[in-house]
Amino acid sequence: MSLLTVAGLTVRDQAGRALVDDVSFAVAAGDRAGLIGESGSGKSLTALAVTGLLPPGLTATGEVRLDGVDMIRAPEKHRTATRGPVAAIVFQEPLTALDPLMTAGRQIAGPLRRLHRLRGAGLRAAVNDALDEVRLTDTDRIANSYPHQLSGGQRQRVAIAMALACRPRLLIADEPTTALDVTVQAEILDLLDRLVETRGTALLFITHDLPVAARVTRDTHVMRNGQIVESGPIADVIAHPSHPYTKTLVESARRFDAALERTARD
Ligand SMILES: Nc1ncnc2c1ncn2[C@@H]1O[C@H](COP(=O)(O)OP(=O)(O)OP(=O)(O)O)[C@@H](O)[C@H]1O
């Protein structure tokens, strides 16, 4: 059984409009899958439905099984008990996940206290380890800083440290580098890549950017207007895109590459 199975997932708004429409995919333990699509294609709502965190007013039907638990129909208590230890989310804007009134150290300590029941010196050591792992070396200063005192890249590293501190089996990364400048983007992608690889954490990576998906995922699902229009190993999808939308994604990535090469030659 896969760690995550999504079958016929449909998310509707109050008017009954399908925002996510009959979506099916699976992520096995240690696997890396991507959801690629333009803005508004339903990627984020799919991620929220997977973790049972849809905003009020939206309803999900179909099947979402996370570590065997029915994330649509199980009581909230069961869904919460599954979400914490099994799946964690990193969002595009780290400030979404971080509390502006709490230091970075206290925020990372939160899930470690709740889920691993750590206290005192053990908790402090675990927070330092978590910061070290995301390559935030000035750990004391960072731990005592409020989110607004950190750079965008540092904030995203803190959000990743918080998400990974309790060793979830699945990390959902929703456009985790889109809000960062290009050099920081590359560092954060490398960091995510290394962390999920060394720990065997499964990854569901959400992006509108095909080259970024190619860098960190193995299987990909292309979304358009709430539906998955094409799925397969990312290398195959890039080499032989079958849906017209995927073809435009691949062509625009190639045009961008060619333009870069021309500029480098000139
Ligand atoms: N709370 C909500 N209530 C009603 N409609 C919503 C809500 N959240 C999202 N939508 C709509 O659902 C559709 C899918 O949104 P979603 O956020 O999943 O897209 P996305 O692919 O993640 O795009 P982006 O990359 O811009 O976040 C969009 O048309 C959006 O306007």
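The values are calculated or read from the model by the stated rules, or taken from the named source; none is laboratory data. On a predicted model such as this, the values are computed, not experimentally measured, just so you know. So basically every Cβ, Gly included, is an ideal-geometry build from the backbone, and we count neighbours across all protein chains shown. Surface areas here come from the heavy atoms of the whole protein model, side chains and all, with no ligands, DNA or RNA. Shrake-Rupley method; radii C 1.70, N 1.55, O 1.52, S 1.80 Å.
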Residue that is open to solvent by 30 Å² or more (accessible area, probe 1.4 Å), away from the ligand (no atom under 16 Å from the Cβ) and either of a type in the set (V, I, T) or in contact (Cβ under 8 Å) with a residue 24 or more places away in the chain (or both), where the choices are R113, R83, R73: R83
Scan of region 134-148 for residues that are open to solvent by less than 100 Å² (accessible area, probe 1.4 Å) and polar (S, T, N, Q), ordered by number: T139, S145
Hey, I89 within 16 Å of the ligand (Cβ to nearest atom) and either open to solvent by less than 20 Å² (accessible area, probe 1.4 Å) or in contact (Cβ under 8 Å) with a residue 60 or more places away in the chain (or both) or not: yes
Every residue from region 45-66 that is surrounded by fewer than 18 Cβ atoms within 10 Å (Cβ to Cβ) and either hydroxyl-bearing (S, T, Y) or more than 15 Å from the ligand (Cβ to nearest atom) (or both): T59, T61, G62, E63
Residue that is farthest from A88 (Cα to Cα) [pool: residues in region 1-42 that are of a type in the set (G, A, S) and touching a helix residue (DSSP H, G or I) at 6+ places or on another chain (Cβ under 8 Å)]: G37
Strands (runs of 3 or more DSSP E) fully within region 147-266 counting 2 or more residues that are touching a Gly at 6+ places or on another chain (Cβ under 9 Å) and either under 26 Å from S24 (Cα atoms) or within 16 Å of the ligand (Cβ to nearest atom) (or both): 202-207, 219-224, 227-233
From the options G226, G200, residue that is of a type outside the set (V, I, T), open to solvent by less than 20 Å² (accessible area, probe 1.4 Å) and at positive phi: G226
Answer from G42, G105 - the residue that is of a type in the set (G, A, S) and more than 15 Å from the ligand (Cβ to nearest atom): G105
Residues located in region 1-39, provided they are within 30 Å of S252 (Cα to Cα), polar (S, T, N, Q) and more than 13 Å from the ligand (Cβ to nearest atom): S24
